[in-house]
Every structure is written in structure tokens, then in C-alpha cells.
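Bear in mind these aren't lab numbers, they're just calculated from the coordinates by the rules spelled out. This is a predicted model, so every value here is computed, not measured. For neighbour counting, all protein chains shown are included, and Cβ atoms are generated from backbone atoms with ideal geometry for every residue, glycine included.
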Amino acid sequence: MKRFFAVSLIILAIAVGSYLFYQYWVHRFDSLIARQAAVYRLDPDLVWSIINEETYFRPWKIGKDGEIGLMQITPAVGREWAAETGMRELERQMAQTPAILLREPERNIQIGCWYLEKIHEQYRDIADPEPRMVAAYNAGPSRATEWNKVEEGEKPLSGEEFINRIDIASTRAYVISIMDRYRKLKGRAQSSTTIQNSPTPDRARRPSR
């Protein structure tokens, strides 16, 4: 019996430790994500979902095509961002040693959010812009524009219709995965808001005056 109890405690400790480590791992950049998403008028849950898919919050990751850091920023996008800032020192650093800047979590998130905002501008007036933004982030804005085309006079594509237009299997899987995760996050947030705003039993029974 004592042995069973000891083994149960060990298993429980491992389970609790694993859960706490997971929570720490996936949320340790939340404040950086929230700050940069606010600057660039983006939903932090969407940014979080993209980082989860791109690198699972590993700032040291290097992609097969030279993408760097949490949001897998290419040096070319980094140089474009640096040029737009007008800060010569940043331009010099990005031209000479882009990996050093792009491995910094907040700088990487900043550039990723800047790039997402530029994409968002194209779809700001369209309902359900997120699948288009995610597709453009992965496959490039020109491909997303092509997939989003409709004949003159036709109504814009829904998000699902747009996803079905994506003819690159890896990009379609990427978009579906991120959108599923993003919608789950939004669903949890809405459920939490509903619970918080629900009247307590005492309030529900209290007669109005």
C-alpha cells in the first residue's frame, strides 16, 4: 500500500510539473506579444497562434530557407523593416548581422507584427481577414491575393472558401492548423467573458426596484 501511495505521488508530481512547465513554455512571451500586437493593431491571440505553429516558442530556431527566430522572419523582411524605421544603425545591423537582431524575442515579434499589419491593410475591409493574413504570411502576399480573387460584382470569399482555394498543400495545412488554434482561443475567451458577465443566483433572484 505504501509503495502504491508513493508511486501515485510521483506520478502526480510529474503530471503537475509537466502541466506547469507547459504553461510556462507557451505563455512566457505573452507580455511581449500583447505589447507588439497592440502597437500594430493586431489580435494577440492570432500572433500567439502563428508563433505556436512556426516555432513552438523556440527563439533559436532557424528555418530551412533561412528564417530566424520566434516568427521565422527572413533577413529580407528584416531589412525592409529596418529601412522603414529610418534608423541607420538598425539598417546597418540588419544588413551585417541580421541573425543577432532576429534572435531577440521582442525584436522578432515586433518585425513579425509589422509584417502582419502590412498584410492586414490589404484585407482590412473584408470579413474574416485572418485566413488571408495567415496564408500571406506563409506563402507570400502575391499568392494570397491570387487565391482571394473573385470576378467583378461577385461577393468576397468567405474564410472557408478562401482556404479551399489554396493550392499549396503545406500552406493549406498551415492555415487550417493556425485558424483552428486561434478559434479555440477566441472560444475560450468568449466563454470566460460570458461566465464573468452572468448574474449570480442571488442577483438573479433579487427583484428590481
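Table for the structure above
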item: Residue 167/residue 58 FRET efficiency (R0 25 Å; Cβ-Cβ; nearest 0.05); result: 0.25
item: Computed over the range 45-191, Kirkwood Rh from alpha-carbon pairs, angstrom; result: 16.1
item: Extension gain, residue 20 back to residue 158 (0.36 nm per residue minus Cα-Cα distance, nm); result: 45.8 nm
item: Dipole-positive endmost among 133, 12, 81 within the range 1-160 (Cβ charges, Cα centre); result: 12
item: Extension reserve of the residue 184-residue 92 stretch, reckoned as 0.36 nm per residue once the Cα distance is removed; result: 29.0 nm
item: When each of 64/118; 61/155; 118/184 is checked by Cα-Cα distance, pairs over 29 Å; result: 61/155
item: Cα-based shape type of the range 81-133, given that a ≥ b ≥ c are square roots of the gyration tensor eigenvalues and the cut on a/c is 1.5; result: prolate
item: In the range 66-162, the GluC sites (Glu not before Pro) that fall in loop regions by DSSP, at most 16 other Cβ within 10 Å; result: 151, 152, 154
item: Residues residue 11 and residue 143, FRET efficiency given R0 of 45 Å [Cβ-Cβ distance, rounded to 0.05]; result: 0.40
item: Mean ellipticity per residue at 222 nm, deg cm²/dmol - from DSSP H runs of n ≥ 4 across the chain, formula -39500 (n - 2.57); result: -22500 deg cm²/dmol
item: Total formal charge among the other residues, if their Cβ is under 15 angstrom from that of residue 148, Lys/Arg +1 and Asp/Glu -1; result: -4
item: Efficiency of FRET between residue 76 and residue 151 - r from beta-carbon atoms, R0 35 angstrom, step 0.05; result: 0.55
item: Segments 130-136, 95-101 sorted - mean Cβ within 10 Å per residue, highest first; result: 130-136, 95-101
item: Span from the the range 46-109 Cα centroid across to the the range 1-26 one, whole angstrom; result: 37
